[in-house]
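Here's the structure, in structure tokens; my notes come after.
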Number of protein chains: 2
Amino acid sequence: MLRSDITVAIRDAVMHELAEVGYGRLSIEAVARRAGVGKTAIYRRWSNKLEMVLEIVSDVAGRSVPLPDTGSFAGDLQLIMMIVSRALQHRIASQIIPDLMAEAARNPQIAETLQRALRTHQQAVGEKLVGQAVARGELPEGTDPELAVDLILGPLYWRLAVARSKPDDVYLEKLMAAVTTALRSAAP
Amino acid sequence: MLRSDITVAIRDAVMHELAEVGYGRLSIEAVARRAGVGKTAIYRRWSNKLEMVLEIVSDVAGRSVPLPDTGSFAGDLQLIMMIVSRALQHRIASQIIPDLMAEAARNPQIAETLQRALRTHQQAVGEKLVGQAVARGELPEGTDPELAVDLILGPLYWRLAVARSKPDDVYLEKLMAAVTTALRSAAP
DNA sequence: GCAGGACGTAACGGTTGCGTTCCGCCCTTC
DNA sequence: GAAGGGCGGAACGCAACCGTTACGTCCTGC
């Protein structure tokens, strides 16, 4: 019954509003204004700002990235880094993600939603990446997938989302090499 | 002329309020209420929410951490990791830091203040750490201090501030070992 | 054609916060 | 003991939003 074009407009407006002012200052009225929509249309769909944001964000986050399977650890690593660094440089995403992360620190509902979106996916990627590499003999038996994920995502996230500087190709190659050696030598 | 005990109360209230509701929702009235102080006392000191927060935060951030100098790379690394992980697990800091990071993504003034506080300090630590290690022959000539900092802070920040899980000692040792090997093998 | 329902608009009363102003108190300083 | 100034408190007018409601329009399906 609800018109889907309106729903799309609202979702879009929420994402942009979220990027511009953050969750803390996001207001239903601003979303409605931006979407060119009445407040009623929003309240007909969600009952809360929180509920609305959670539903929309987890929907977007749910569009899962494909698991890496290029045939080699180096290839998988490069693919992951490319995907992550692209995502973290996306104008909207790069504002929304740290904002929701910060908000999650004080809102358990947001935290849980984000953790679900993040951790399950992150775990799957980590285990697949490491599992394949171990099976191929590229990484030692007993390599910790959690550590691997931290070593890969951590520096990228730090550089892109925190320090906010653009890594060039040389840097990315150095980082890949460093991570590879680190994991290869990490005893179980 | 301004009573210093009042100033202290306000600073304190700002930090706590910042941690609880974030910059976006921080209000002067709430700060005054929490500090047990009239709004006038605040406006007598700062003219803005932004100005107030920036002054207070950069003052706190300015209390710089001592540079590492334990005599060995392993020791320096352990020290840094301990300091950082302690800081990122501090209740107040762990909420304020990601929040301001997110806010910095949309407010140039905050971004600049944070960058100054972060980058200069981070650079100094990185250069000192790597410089000393290279001089001692523990790391190869031409090691990139920037990469080193990313490899050290990135995974820690990711785990503590983003994934929000507590790393145990075993994990920290693995991480230290991984970072050390990674840097030792990183070609210039 | 007619009913139903989703839509935008506008208004509601209530809350919160802004930045400012004025008051009367109290402490310091001379 | 008088003056000055920082202090808390209260109130100001203004603006933004909340969540809800009533109304009139438009589209869809029967």
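The values are calculated or read from the model by the stated rules, or taken from the named source; none is laboratory data. Everything quoted here is computed from the prediction, not taken from an experiment. Reconstructed Cβ throughout: ideal geometry from the backbone, glycine too, with neighbour counts over all protein chains shown.
Restricting B:Ser47, B:Ser64, B:Ser94 to residues that are farther than 24 Å from B:Pro167 by Cα and under 20 Å from the mean Cα position of the chain (by Cα) narrows the list to B:Ser64.
Taking the criterion of being loosely packed, with under 13 Cβ neighbours inside 10 Å and in a helix (DSSP H, G or I), the only residue of the range B:41-57 that qualifies is B:Glu51. A:Gly71 satisfies every condition listed in (1) within 16 Å of DNA strand C (Cβ to nearest atom); (2) at positive phi except (1). Just one of (1) away from chain A (no Cβ under 14 Å); (2) more than 8 Å from DNA strand C (Cβ to nearest atom) fails for B:Glu17. It is (1).
Could you list, in sequence order, all residues of the range B:23-51 that are near DNA strand C (Cβ under 6 Å from one of its atoms), at pLDDT 95 or above and more than 14 Å from B:Ile6 (Cβ to Cβ)?
Answer for the range B:23-51, where residues must be near DNA strand C (Cβ under 6 Å from one of its atoms), at pLDDT 95 or above and more than 14 Å from B:Ile6 (Cβ to Cβ): B:Ser27, B:Ile28, B:Glu29, B:Ala30, B:Lys49.
For the criterion of being more than 27 Å from B:Ala102 (Cα to Cα), in the same structural domain as B:Gln95 (by TED's automatic domain parsing) and in contact (Cβ under 8 Å) with a residue 24 or more places away in the chain, B:Pro167 fails.
The residue of the range B:29-59 that is farthest from DNA strand D (Cβ to nearest atom), among those that are touching a Phe, Trp or Tyr at 6+ places or on another chain (Cβ under 8 Å) and hydrophobic (A, V, I, L, M, F, W, C), is B:Val53. Before we move on, is A:Ala9 more than 14 Å from every other protein chain (Cβ to nearest Cβ) and assigned to a helix (DSSP H, G or I)? Yes: the conditions hold for A:Ala9. Scan the range B:131-159 for residues that are free of Cβ contacts under 8 Å to residues at least 40 places away in the same chain and of a type in the set (Val, Ile, Thr) and jot them down. Residues satisfying the conditions are B:Val134, B:Val149.
Whether a residue is away from DNA strand C (no atom under 16 Å from the Cβ) and either closer than 30 Å to A:Arg136 by Cβ or surrounded by 12 or more Cβ atoms within 10 Å (Cβ to Cβ) (or both) was assessed, and A:Val60 passes this test. Quick check, is B:Gln123 farther than 23 Å from A:Pro145 by Cβ, surrounded by fewer than 21 Cβ atoms within 10 Å (Cβ to Cβ) and free of Cβ contacts under 8 Å to residues at least 60 places away in the same chain? Yes.
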